[in-house]
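In what follows, a single structure is set out as structure tokens and then discussed.
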Amino acid sequence: MTSFSKNLLGWFCKHGRKNLPWQQKPTPYRVWVSEIMLQQTQVQTVIPYFDRFMQSFPDLETLAAASLDQVLHHWSGLGYYARARNLHKAAQVICDQHAGQIPDDFEELLQLPGIGRSTAGAILSLAFQQRQPILDGNVKRVLTRYHAIEGWPGETMIQKTLWKMADQQTPQEKVAEYTQAIMDLGATVCTRSKPKCGSCPLSVDCEANKQDRQADFPTSKKKKILPVKKKIFLILKNDQNEVLLEKRPPFGIWGGLWSLPECDQEADPEAVCDQRFSCKITNQRKLKIKRHTFSHYHLEITPLLIEISDHDTVVMESDQTLWYNNNQQKHLGLAAPVASLLKNIEGMKQ
């Protein structure tokens, strides 16, 4: 065992997090769901989502049998919805091809939707006590600072170096504790800003600390100016105070979620309503513009609240469209901006 792992395990014994929901009765299923939720998402954000998810889908069979709408509903607001779609699909694959048992083999885990090298390593380490290195964002930060590794961690050569370091530091024993320890250290001590080096068990040998260059690691990716895409969101409201929703394609941004019909800024909303839904606008007004930022662009949303006539005969519900009323509490997957708009317009007078 290296001094790195020995010191880290000693710290974890005294200061590590041991009462997180997924650490209680850590079955492979609970570990897997938590690891997917924790991808690019902080622990405190994940905890209430994880608890609600487990209440509704307490085991893999229940998750596999659920509809995608039910799963996305429980994911609404957590973001990165491909995670939810992959989790649902993987549960079905495990039931069909692995007799309902999450594989304890690294290569088999990698074949499942949504599971990459680091997630597979975490599942095998935490749930099956197998020695596997991991390399999530917290671990990258710890290792780049400890070894003073220059270069953006997303670059291929830097990735290879980090995986080598991660493997070298991972001990042969106490692998679950070590995996949790290095994630905890990155999340609570070796933080992105203002790291608590005085409380770090690795500070004596940490190159970034010795050089007083903590802020230089990990090297940031060169910032690029995100483009702005502009869309009009059509809030088609009938005399029953219901709003028309459309189901998005099962891929891409908000894939599989229910959303508002949209059109380009240059389009004529009246013509769009007539051509797509055969309905006539009786009243309309623009609401406050909203901006939602994705990883690769900003979406500028102009909500257009529209009162329509003859909705019963011209816009019928289908598997791709429905009339939504907040009071009905339908279990739908809604993107955060759409859910916010629906809440804001509830009870608004035209």
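Taken about its Cα centre, the range 177-305 carries a charge dipole of about 420 debye when Lys and Arg each add +1 at the Cβ and Asp and Glu each add -1 at the Cβ. Legend: helices of the chain (whole DSSP H runs) are marked when their alpha-carbon atoms reach 30 angstrom or more along the helix axis and their mean Kyte-Doolittle hydropathy is at least -1.0; nothing is marked.
Close amide H partners of Thr191, meaning residues 5 or more places away or on another chain with modelled amide H under 5 Å apart, are Lys196.
Largest mean-square fluctuation among Asp59, Asp104, Asp96, in a Gaussian network model of the chain whose springs join Cα atoms under 10 Å apart, belongs to Asp96.
Net charge in the neighbourhood of Thr41 (other residues with Cβ under 14 Å of its Cβ; Lys, Arg +1, Asp, Glu -1) is -1. Remark: for residue pairs Lys6/Lys164; Lys89/Lys247; Lys6/Lys160; Lys6/Lys221, the C-alpha separation exceeds 20 Å in Lys6/Lys160; Lys6/Lys221. In straight-distance terms, cross-link reach from Lys343 covers every one of the aspartates and glutamates whose alpha-carbon lies under 15 Å from its own, apart from those fewer than eight places away in the same chain; here that gives Glu242. Ranked by the mean number of other Cβ atoms within 10 Å of their residues, highest first, the peptides 118-126, 13-21 come out as 118-126, 13-21. Taking Lys and Arg as +1 and Asp and Glu as -1, the other residues whose beta-carbon sits under 13 Å from that of Gly114 total +3.
Helix-derived [θ] at 222 nm for the chain: sum -39500 (n - 2.57) over DSSP H runs of at least 4, divide by residue count, nearest 500? Using -39500 (n - 2.57) per qualifying helix, the result is -12500 deg cm²/dmol.
Summing Cβ point charges (Lys, Arg +1; Asp, Glu -1) relative to the Cα centre of the chain gives a dipole of roughly 1580 debye.
Which residue, Pro28, Pro113, Pro250, tops the fluctuation ranking in a GNM of the chain built on C-alpha contacts under 10 Å? Result: Pro250 has the largest fluctuation of those listed. With q set to 0.10, 0.14 Å⁻¹, the log10 of I(q)/I(0) for the chain, from the Debye formula over equal scatterers at the Cα positions, is -0.74, -1.13.
For the peptides 152-160, 288-296, the ranking by mean Cβ contacts within 10 Å, running from highest to lowest, is 152-160, 288-296. The lysines within cross-link reach of Lys230, meaning a Cα-to-Cα straight distance under 16 Å and a gap of 8 or more places when in the same chain, are Lys286, Lys288, Lys290. Near Ala271: Cβ cut-off under 15 Å, other residues only, Lys/Arg at +1 and Asp/Glu at -1. The net charge is -4.
Please compute, over every Cα-Cα pair in the range 228-345, the percentage with a separation greater than 20 angstrom. More than 20 Å apart: 39 percent of the Cα pairs in the range 228-345.
Read-outs throughout are calculated quantities, based only on the coordinates presented, and are distinct from any laboratory measurement. Since we're looking at a predicted model, the values are computed, not measured. All Cβ positions, even for glycine, are placed from backbone atoms using ideal geometry, and neighbour counts span all protein chains on display.
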